[in-house]
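Here's the structure we're looking at; comments come further down.
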Amino acid sequence: MLYRVIERYKKSDFLVSVTKLGSATTIAQLISIACAPVLYRIYDKADYGTLGLYMAITGVTGVFSTLQYLQTILLEKEDEDAINAMWLNRVINIGFSLLAFSVILILWRPITNFIENEALIKWLWLLPVSIFFSGQGEIFKVWANRKKEYTILTQNTMLSATAVPTISISLGLLFKSEMGLFIGLLSGQCLSAIFMVYRMRRNYDISYLRFNRDRIKALFYKHKVFPLFSLPSEFVNRFTNQLPVFMLNAYAGPSVVGVYNLATRMLGLPIQLVGGAISTVFQQKATHDYNSAGTCRPIFIKTFKSLSLIAIVPTLIIVFFGPDLFAMVFGEKWRESGEYARILMVMFSGRLIVSPLSYLFFIMNKQKEDFIWHIWMLFSNFLVFYFMLSYDFDLKCTLLVFSLNYSLIYLLYLKRAFKFSTNITHEIN
């Protein structure tokens, strides 16, 4: 029986690819976990709150860095078109990075007056740099996924995992300020992008000589549904995800943001650890199955079962032992993060399961419907935070309502995605 299982495993490209990416991501996250107790003892809550607000701003504005044309690299059937899709994304990313720098330069005073975090102001100049390097890195990661270069993707993951904490710890011990966190973050983004560009250009002819202006223009109009619907949808999605950071910063200050961010970072580990690897392979496999067979129901069900099993263990651990674990690993001052984690665990389990499977909305060209779902997520969660914080409800009670609301939305989202997978060759109303 064991022999048959091993043979079936070897014949499954999906499982082998997931294992390859998942193993590297697991090692990377273990490095991150091992360094976290040191980092959270070097830096205080306000330092992490400042970094969290910067990452929230970068994540929300960065959605415009490719106008969401990124997935066209994977979706194009011919490599020549995919290469020009890469150049389309690269040009847009460069242009938006320059635009972000210009906006900060021109509107510096209004921006700094609006941000309610003095420590963050001096780091705003890094925003265009983060947008540029993060965008370029993601572009080449999608190309690597298209070409099934999972070994290179795992090497890139390992590089970022070791560089960021090493730099952050070293600078934190030297300067005792949030500078180490910011320089560590930026270094990881730069090194990742440079590595991916170097490896992909060495393995494939994707130089500027392949740049075809007419073809790029045609691709821009062919996939206009992405900036028209996917872009606002992803913007709303990211803004919704970062809404607690913005609201908590405004109502409670950076220290509370730091406590919240530690909880969400640890809860996000299963998503990054295995969910990210499964999502990457699922996108490629589901797209291939759709293009070749017109259905992706088998891979949808297999992925759903795998993600559900993965979610069970961390959910039980955090619900029963969350506060004690956080206090033991990160120090007593971070016990409250464990209490937040216990409240948010159900929501993160839903995110782990649903996020990869939601790629079916892209395959079915349901970007408009996806956008409507994300509008509802943003509106409903904003109402939760605004009214409950404005009327001085307990913060934990607010987070509980927020978590339950999100979980219900994920359940409905999953139901819709499953309908897409059952008969993907026909339009589903």
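Considering only residues of region 108-151 that are aliphatic (A, V, I, L, M) and closer than 15 Å to Y198 by Cα, which is surrounded by the most Cβ atoms within 10 Å (Cβ to Cβ)? Among those residues, the one meeting the criterion is I139. Taking every residue in region 115-138 that is over 23 Å from S177 (Cβ atoms) and pairing it with any residue that is among the basic types (K, R) and buried (at least 17 other Cβ atoms within 10 Å of the Cβ), at least 6 positions away or on another chain, the pairs with Cβ-Cβ distances below 8 Å are Q136/R90. Per the listing I83, I94, the residue uniquely out of contact with any Gly (no Cβ under 6 Å at 6 or more places or on another chain), in contact (Cβ under 8 Å) with a residue 12 or more places away in the chain and open to solvent by 40 Å² or more (accessible area, probe 1.4 Å) is I94. What tally of residues in region 379-389 results from selecting those that are in contact (Cβ under 8 Å) with a residue 12 or more places away in the chain and open to solvent by 40 Å² or more (accessible area, probe 1.4 Å)? Final tally of qualifying residues: 2. Remark: pairs (first residue in region 414-427, open to solvent by 70 Å² or more (accessible area, probe 1.4 Å); second residue at pLDDT below 65; Cβ separation under 7 Å; 6+ apart in sequence or on different chains) = K419/I428. For region 310-323, filtered to residues that are at pLDDT below 90 and either within 16 Å of T264 (Cα to Cα) or over 19 Å from the mean Cα position of the chain (by Cα) (or both), the residue that is least open to solvent (accessible area, probe 1.4 Å) is A311. Looking at region 121-131, is at least one residue closer than 30 Å to F282 by Cα and touching a Ser or Thr at 6+ places or on another chain (Cβ under 8 Å)? Yes - at least one qualifying residue is present in region 121-131.
So which residues in region 40-58 are open to solvent by 20 Å² or more (accessible area, probe 1.4 Å) and among the small types (G, A, S)? Scanning region 40-58 gives a single hit, A46. Listed by position, the helices (runs of 4 or more DSSP H) contained in region 274-365 that have at least 3 residues being among the hydroxyl-bearing types (S, T, Y) and within 23 Å of N261 (Cβ to Cβ) are 335-357. Going through (1) under 27 Å from M86 (Cα atoms); (2) within 22 Å of the chain's Cα centre (by Cα) one by one, K217 falls short only on (2). Screening the candidates R210, R215 for the property of being basic (K, R) and either out of contact with any helix residue (DSSP H, G or I) (no Cβ under 8 Å at 6 or more places or on another chain) or modelled with pLDDT under 90 (or both) yields one hit, R210. Does F326 satisfy the condition of being surrounded by 21 or more Cβ atoms within 10 Å (Cβ to Cβ), within 19 Å of the chain's Cα centre (by Cα) and not β-branched (V, I, T)? In short, no. Scanning region 354-368 for residues that are surrounded by fewer than 22 Cβ atoms within 10 Å (Cβ to Cβ) and touching a Gly at 6+ places or on another chain (Cβ under 9 Å) gives a single hit, S355. Listed by first and then second residue, the pairs linking a residue in region 203-216 that is under 18 Å from A144 (Cα atoms) and among the charged types (D, E, K, R) to a residue that is open to solvent by less than 70 Å² (accessible area, probe 1.4 Å) and assigned to a helix (DSSP H, G or I), with Cβ atoms under 6 Å apart and 6 or more places separating them unless they lie on different chains, are R210/I83.
Taking the criterion of being open to solvent by 40 Å² or more (accessible area, probe 1.4 Å), in a helix (DSSP H, G or I) and of a type outside the set (G, A, S), would at least one residue in region 65-73 satisfy it? No - not one qualifying residue is present in region 65-73. When F226, F182, F211 are screened for being under 25 Å from E76 (Cβ atoms) and open to solvent by less than 40 Å² (accessible area, probe 1.4 Å), only F226 passes.
Scanning region 223-273 for residues that are farther than 22 Å from Q29 by Cβ, assigned to a helix (DSSP H, G or I) and among the aliphatic types (A, V, I, L, M) yields V225, L228, L231, V236, L243, M247, L248, A250, V256, V257. Filter region 256-280 for residues that are at pLDDT below 90 and under 15 Å from R335 (Cβ atoms) and give the result. M266 - this is the single residue of region 256-280 that is at pLDDT below 90 and under 15 Å from R335 (Cβ atoms).
The values are calculated or read from the model by the stated rules, or taken from the named source; none is laboratory data. The shown structure was predicted, so the numbers you read here are calculated from the model rather than taken from an experiment. Note: ideal-geometry Cβ built from the backbone for every residue, glycine included; neighbour counts use all protein chains shown. All accessible areas refer to the heavy atoms of the entire protein, side chains included, with ligands and DNA or RNA removed. Shrake-Rupley method; radii C 1.70, N 1.55, O 1.52, S 1.80 Å.
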